[in-house]
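**Student:** Mind having a look at this structure? Questions to follow.
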């Protein structure tokens, strides 16, 4: 086969199709599907030491799993927000199972089959947050949206995002005509929908505070249900227009709440009986996992570095009903763990970067009987499991499709102490 032709055999972790060159090197080709024979664009092949990248100019033999993407931005602007809209949903799930399984085998050195996957309840309109890029200055020259996957320095103007909640899109549609009311030096705009239905606009900028936020809020349809935040570059965000709801719009929340809860429920169910046991809930955020554990009778210590998230958790009426059964501590897990009483069970839900090395050392050096790891990135999950494999056995792994149409996939791993 000539170097301008590639047979795609699978989907790589970032969402690109992957095939092989004649010399055995992997070649990554965006927007292709397993089983397809594609022709590469002349001059697009960039060869590196161990792999190559190319751009498909023609799908010579389309795969049966290829579908027509419904989003115009995906086709015309080559939006980077989604990577898999050209695949049927069943094909997306199969690709994500393989991504998790490959990471566990290749990075984690774990002999394991591709895990089962829980599909999303909603394949569209599920995202409760949008992080938008800004290019250009004030006025009509300002462009706000996403960047093309092959031109990270460019930004196209967003009209419609098909994976965003309709309430966020309604906010965006009413906000677009009033972009001049954003800070002059705005560099990033985030739209969020909290669990009570309140919509938040977070503008990040250098220079003077956002002084036109009240005008923007007044100009919006149903502006009474909108809270405006200003975040200085490298600074803390604060409310500048609208009621202070207590919800931290800048803290971590699941962008797909239904699937985040599904992953937590599965994790808790497989932990089994926890009544009367002390459970560490590390990276516990606003307390959703702590609540599930407390409802099953556990004594819970929930730790998170986000002080606003912990403040929110402490003020939750449903958690407060359990009184001293639940403690919420603000601080970095690696700093807090040495001072905590020894746990019977541990639950960890770290960011995409995975567990801090000091947390790994604590869990590996003094293993607990049962451990649940809720992962947002298969690669760091695999790395951390490999680091702890001496003292733990993996009992079960399940993937969760928290972000349909994208290449992102979550996973939950259940472990037990090797001597148990």
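The values are calculated or read from the model by the stated rules, or taken from the named source; none is laboratory data. Keep in mind it's a predicted model, so treat the numbers as computed, not measured. When we count neighbours, we look across all protein chains shown, and the Cβ atoms used for this are built from the backbone with ideal geometry, even at glycine.
**Student:** Hey, any hits in the range 329-342 for a residue that's assigned to a helix (DSSP H, G or I), in contact with a strand residue (DSSP E or B) (Cβ under 6 Å, 6 or more places away or on another chain), buried (at least 19 other Cβ atoms within 10 Å of the Cβ) and assigned by TED's automatic domain parsing to the domain that holds residue 292?
**Tutor:** Yes.
**Student:** Considering only residues that are in contact with a strand residue (DSSP E or B) (Cβ under 7 Å, 6 or more places away or on another chain) and within 11 Å of residue 117 (Cβ to Cβ), which ones fall in the range 84-98?
**Tutor:** Those that are in contact with a strand residue (DSSP E or B) (Cβ under 7 Å, 6 or more places away or on another chain) and within 11 Å of residue 117 (Cβ to Cβ): 93, 95, 96, 97, 98.
**Student:** Run residue 246 past the list (1) out of contact with any helix residue (DSSP H, G or I) (no Cβ under 9 Å at 6 or more places or on another chain); (2) assigned to a loop (DSSP other than H, G, I, E, B); (3) outside the structural domain of residue 314 (by TED's automatic domain parsing) and report the number of the one that doesn't hold.
**Tutor:** Exception for residue 246: condition (1).
**Student:** How many residues are surrounded by fewer than 19 Cβ atoms within 10 Å (Cβ to Cβ), touching a helix residue (DSSP H, G or I) at 6+ places or on another chain (Cβ under 9 Å) and under 22 Å from residue 127 (Cα atoms) if we restrict to the range 68-113?
**Tutor:** Residues meeting the conditions: 2.
**Student:** Which members of the range 354-367 meet the condition of being part of a loop (DSSP other than H, G, I, E, B), out of contact with any helix residue (DSSP H, G or I) (no Cβ under 6 Å at 6 or more places or on another chain) and closer than 18 Å to residue 386 by Cβ?
**Tutor:** Listed by number, the list holds a single entry, 367.
**Student:** Continuing with this model, one more query. For the range 343-365, give me the residue count where each residue is touching a strand residue (DSSP E or B) at 6+ places or on another chain (Cβ under 7 Å), under 22 Å from residue 265 (Cα atoms) and either without any contact (Cβ under 8 Å) to a residue 40 or more places away in the chain or surrounded by fewer than 20 Cβ atoms within 10 Å (Cβ to Cβ) (or both).
**Tutor:** Adding up the residues that qualify gives 2.
Results for (1) surrounded by fewer than 15 Cβ atoms within 10 Å (Cβ to Cβ); (2) closer than 17 Å to residue 72 by Cα, shown as yes or no for each residue.
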site: 146; (1), (2): no, yes
site: 169; (1), (2): no, yes
site: 208; (1), (2): yes, no
site: 213; (1), (2): no, no
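**Student:** Continuing with this model, one more query. Looking at the range 373-383, is at least one residue more than 24 Å from residue 118 (Cβ to Cβ) and part of a strand (DSSP E or B)?
**Tutor:** No, the range 373-383 has no match at all.
**Student:** Applying the selection to the range 28-51, what residues are within 28 Å of the chain's Cα centre (by Cα) and closer than 20 Å to residue 148 by Cα?
**Tutor:** 28, 29, 30, 31, 32, 33
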